[in-house]
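K.L.:
Pasting a structure below so you can have a look.
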Amino acid sequence: MSTPLKTKISVPRSRDLQVDGVKYNRAGSSRSSFEMIAWLFMRMSGVVLLVLVFGHLYVNLMVGDGVHAIDFGFVGGKWANPFWQVWDLVMLWLAMLHGTNGIRTIIDDYADRNTTRFWLKVLLFVASGFVILLGTMVIFTFEPCPAGADPALLASFCPGA
Ligand code: HEM
């Protein structure tokens, strides 16, 4: 006969939750609905991302010549169309916010020290903000017909292509 386990497991949200000497739920008050909204956001952005990501893969890799048609002109042609600009912008923002919030959760779950969690999250938010800003700028400032470019690489609507 095996001996019954003596470990006492605290209620997950209790103030004094302690596992292996590590104290959790350090934030104090849990009255804000931020975590609930973040939880909902992960599910809702996941559903929208399914459509955006698989639509993106289908159009880029399977329609027409598929992956063989991808070059500078292909990207220039897509971003000359406001529909694909908005598609890519929403995909970028949702993927980054979804991924960043997911990593935030993992940091909260696995990093024990307050200072470690703080600096990991600072690094995460700075990196994420940088990618969102840079990606957004690229989508809206992309020059599809740069002067002096090899005409063979340009989109069909560029002068001299
Ligand atoms: C293709 C569509 C996607 C769907 C349907 C989806 C769905 C989900 C869902 C439902 C969760 C919550 C899981 C949980 O709380 O237990 C989640 C977590 C997460 N997702 Fe996504 N996701 C998608 C795309 C992405 C992308 C593009 C990224 C990265 C940029 C990403 C990164 C993450 C991360 C880091 C987590 C946290 C994992 C964890 O808590 O262990 N996901 N995803």
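K.L.:
Mind checking whether some residue in region 112-130 is more than 26 Å from Asp88 (Cα to Cα), part of a loop (DSSP other than H, G, I, E, B) and in contact (Cβ under 8 Å) with a residue 24 or more places away in the chain?
P.N.:
Yes: one or more hits.
K.L.:
Name the single residue, out of those in region 104-119 being charged (D, E, K, R) and either on the phi > 0 side of the Ramachandran plot or surrounded by 15 or more Cβ atoms within 10 Å (Cβ to Cβ) (or both), that is farthest from the ligand (Cβ to nearest atom).
P.N.:
Among those that are charged (D, E, K, R) and either on the phi > 0 side of the Ramachandran plot or surrounded by 15 or more Cβ atoms within 10 Å (Cβ to Cβ) (or both), it is Arg117.
K.L.:
For region 59-72, does any single residue satisfy the condition of being in a loop (DSSP other than H, G, I, E, B), at pLDDT 85 or above and within 20 Å of Val138 (Cα to Cα)?
P.N.:
yes
K.L.:
Starting from residues that are at pLDDT below 95 and charged (D, E, K, R), keep the ones in region 118-161 and report whichever is farthest from the chain's Cα centre (by Cα).
P.N.:
Asp150
K.L.:
Separate question: Give the residue that is farthest from Pro146 (Cα to Cα), with candidates limited to residues of region 75-85 that are in contact (Cβ under 8 Å) with a residue 12 or more places away in the chain, out of contact with any Leu (no Cβ under 8 Å at 6 or more places or on another chain) and part of a helix (DSSP H, G or I).
P.N.:
Gln85
K.L.:
Return the residues of region 131-161 that are assigned to a helix (DSSP H, G or I), of a type outside the set (Gly, Ala, Ser) and surrounded by 12 or more Cβ atoms within 10 Å (Cβ to Cβ); say none if nothing qualifies. Full working, then the answer.
P.N.:
From region 131-161, those assigned to a helix (DSSP H, G or I) are 131-141, 151-153; that's our starting set.
Of the ones still in play, those that are also of a type outside the set (Gly, Ala, Ser) are 131-134, 136-141, 151, 153.
Across region 131-161, the qualifying residues are Val131, Ile132, Thr136, Val138, Ile139, Leu153.
K.L.:
Please state which one of Gly99, Gly55 is surrounded by fewer than 13 Cβ atoms within 10 Å (Cβ to Cβ), assigned to a helix (DSSP H, G or I) and within 13 Å of the ligand (Cβ to nearest atom).
P.N.:
It is Gly55.
K.L.:
Does region 132-141 include one or more residues that are within 16 Å of the ligand (Cβ to nearest atom), of a type in the set (Ser, Thr, Tyr) and closer than 15 Å to Ser45 by Cβ?
P.N.:
No, there is no match, as no residue in region 132-141 is within 16 Å of the ligand (Cβ to nearest atom), of a type in the set (Ser, Thr, Tyr) and closer than 15 Å to Ser45 by Cβ.
K.L.:
I'd like to know if region 62-76 contains one or more residues that are buried (at least 16 other Cβ atoms within 10 Å of the Cβ), among the β-branched types (Val, Ile, Thr) and within 16 Å of the ligand (Cβ to nearest atom).
P.N.:
No, region 62-76 has no match at all.
K.L.:
Tell me which of these Lys6 doesn't satisfy, since it passes every other one: (1) charged (D, E, K, R); (2) modelled with pLDDT of 90 or more; (3) surrounded by fewer than 13 Cβ atoms within 10 Å (Cβ to Cβ).
P.N.:
If we test Lys6 against (1) charged (D, E, K, R); (2) modelled with pLDDT of 90 or more; (3) surrounded by fewer than 13 Cβ atoms within 10 Å (Cβ to Cβ), just (2) comes out false.
The values are calculated or read from the model by the stated rules, or taken from the named source; none is laboratory data. Quick caveat: nothing in here was measured; it's all calculated off a predicted structure. Glycine gets a Cβ as well: all are built from the backbone with ideal geometry, and neighbour counts include every protein chain shown.
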